[in-house]
Amino acid sequence: MGDCPDETLKWISEEYHDLNGSHFDTLETLPSALQFSQFVRVSRPVLIRDCPVPKAFARWDDEYLARQCGENLISVACTPSGCADAITKGPDDRLYFAEPHVEQMTMKELLHKLSAGDGSNDAEVLYLQSQDGNLHSSNPGVLSEFQSLLTDVPDQLSFATEALGSPPDAVNLWIGDSRSVTSIHSDPYENIYSVIRGSKTFTVFPPTEAWCMEERIYPHAAYHRFGEGSPLELIPSGEDAPPVRWSSILDPTDASSLRPEAHSIHITVSAGESLYLPAGWWHYVRQTEVTIAVNYWYDMESRGTGWVWLNLLRGGASEKEPPPGNEDDELVPSTESHDDEDCYET
């Protein structure tokens, strides 16, 4: 990033913080469409002490989920220590953007393994995080792995659909334990995230501090298992795989890892509560015990200045790509295709 845009972005973030501070709004009940449209316009996080999926909140204990899902197989992400969809050191001591291995199992098996493995450093980390509408999808060709749970979760939220003028792109189910941690990233979605069980703590930063996220270009890798019962191995994807642009900050809850201009906001969402996280906000997420959540992704409005503004704040006005994450890497164009909402990190 050149000197001029760097100074400009610093000024923008300082001005934004001076005007808005580090607070977030709290609402006791679900908003009306008019209220929600005002929240979207202001683009600030809102903790909502209400749950838009009351059937799920009332019913979803382990016994109910196992009975409803039966022997149906679901896709579960697996890593050796919870480090996937994040920057990870490979066996060659180079840094990679690592994606998880995916295995099929029943809901009963997943819940049993999570209950047995939570807090253990020996067991592999399992996280149901298949995303892209694993409950409901705007793509008619996507068939949900959770057909028996669909009646418990509406395919849209009336207040959000009315306010935004379209249904959600995706409705997702997330199930993991305390070892599943979301690495810092941002998404092009208006996100309404409801916790059914457990709690999640979001560490968030406004889009105006995107330049503080220290993005780098990393080679791609993925975990593989080469035989039943064998350990997972992180395998580089090779030169044909596009590199990935990702934040190099491993733990933004550690203030020493951040630029002094970065101002974190910490929001804990407990069972029965929801968080509205506006499009473009950077977020890092930890959870307690076995946690179950449902979220609604509404695509951000690409008309007008919103999309251009977010790209500018990430340094889009610069002619240079972010630097490579490994000193010996050649600087190559990155891909912008990785917009994973939830992911792991150490």
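Could you pull out the residue among Ser130, Ser138 that is polar (S, T, N, Q), under 26 Å from Thr79 (Cβ atoms) and under 20 Å from the mean Cα position of the chain (by Cα)?
Working: Ser138 fails: under 26 Å from Thr79 (Cβ atoms).
Going through Ser130, Ser138 in turn, just one is polar (S, T, N, Q), under 26 Å from Thr79 (Cβ atoms) and under 20 Å from the mean Cα position of the chain (by Cα): Ser130.
Scanning the range 217-234 for residues that are closer than 21 Å to Asp329 by Cβ and out of contact with any Asp or Glu (no Cβ under 9 Å at 6 or more places or on another chain) yields a total of 1.
Summed over the range 155-191, the residues that are under 20 Å from Ala77 (Cβ atoms) and not hydrophobic (A, V, I, L, M, F, W, C) give a count of 12.
Test Ser75 against the criterion of being under 22 Å from Leu275 (Cβ atoms) and among the polar types (S, T, N, Q), and give yes or no. Reasoning before the result, please.
On the way: under 22 Å from Leu275 (Cβ atoms): no; among the polar types (S, T, N, Q): yes.
Against the criterion (under 22 Å from Leu275 (Cβ atoms) and among the polar types (S, T, N, Q)), Ser75 does not qualify.
Of the residues making up the range 157-166, at least one is out of contact with any Ser or Thr (no Cβ under 9 Å at 6 or more places or on another chain) and on the phi > 0 side of the Ramachandran plot.
Here is the figure for the range 22-42: residues that are touching a residue at least 12 places away in the same chain (Cβ under 8 Å) and either surrounded by fewer than 12 Cβ atoms within 10 Å (Cβ to Cβ) or of a type in the set (S, T, N, Q) (or both) total 9.
Give me the residue from the range 52-88 that is among the acidic types (Asp, Glu) and surrounded by fewer than 20 Cβ atoms within 10 Å (Cβ to Cβ) and, out of that set, farthest from Ile196 (Cα to Cα). If you could, list the steps in order and put the result at the bottom.
Applying the first criterion (among the acidic types (Asp, Glu)) to the range 52-88 yields 61-63, 71, 85.
Checking the rest, the ones that are also surrounded by fewer than 20 Cβ atoms within 10 Å (Cβ to Cβ) come to 61-63, 71.
Details: Asp61: 10, Asp62: 12, Glu63: 15, Glu71: 23 Å.
Ranking the qualifying residues of the range 52-88, first place goes to Glu71.
One residue stands out in the range 327-338 among those that are loosely packed, with under 15 Cβ neighbours inside 10 Å and within 24 Å of the chain's Cα centre (by Cα): the one that is modelled with the highest pLDDT, namely Pro333. Take the residues in the range 207-225 that are touching a helix residue (DSSP H, G or I) at 6+ places or on another chain (Cβ under 6 Å) and not hydrophobic (A, V, I, L, M, F, W, C), then tell me which one is nearest to Leu277 (Cα to Cα). Residue satisfying both the conditions and the ranking: Pro207. How about the range 227-244: which of its residues are in contact (Cβ under 8 Å) with a residue 40 or more places away in the chain and in a strand (DSSP E or B)? Hits for the range 227-244 are Leu232, Glu233, Leu234, Pro236, Val244.
Inspect all residues belonging to the range 184-196 and state whether any of them is over 13 Å from the mean Cα position of the chain (by Cα), under 30 Å from Ala116 (Cβ atoms) and not small (Gly, Ala, Ser). Yes, the conditions are met somewhere in the range 184-196.
Please list, ordered by residue number, the strands (runs of 3 or more DSSP E) wholly in the range 32-103 having 1 or more residues that are modelled with pLDDT of 95 or more and in contact with a Gly (Cβ under 6 Å, 6 or more places away or on another chain). Don't jump to the end; show me each part of the working.
Numbers: elements: 46-48, 73-79, 86-89, 95-99.
In the range 32-103, 95-99 are the strands (runs of 3 or more DSSP E) which contain 1 or more residues that are modelled with pLDDT of 95 or more and in contact with a Gly (Cβ under 6 Å, 6 or more places away or on another chain).
Pro45: within 24 Å of Thr268 (Cα to Cα), of a type outside the set (Val, Ile, Thr), touching a residue at least 24 places away in the same chain (Cβ under 8 Å) and touching a Phe, Trp or Tyr at 6+ places or on another chain (Cβ under 7 Å), yes or no? Here the answer is yes, as Pro45 does meet what is asked.
Which pairs have Cβ atoms under 7 Å, sit 6 or more apart or on different chains, and link a residue in the range 48-75 that is small (Gly, Ala, Ser) to one that is at pLDDT below 95 and surrounded by 16 or more Cβ atoms within 10 Å (Cβ to Cβ)? Listed pairs, sorted by first residue: Ser75/Ser130; Ser75/Glu145.
The values are calculated or read from the model by the stated rules, or taken from the named source; none is laboratory data. Because the structure is predicted, anything quoted here is derived from the model rather than measured. For neighbour counting, all protein chains shown are included, and Cβ atoms are generated from backbone atoms with ideal geometry for every residue, glycine included.
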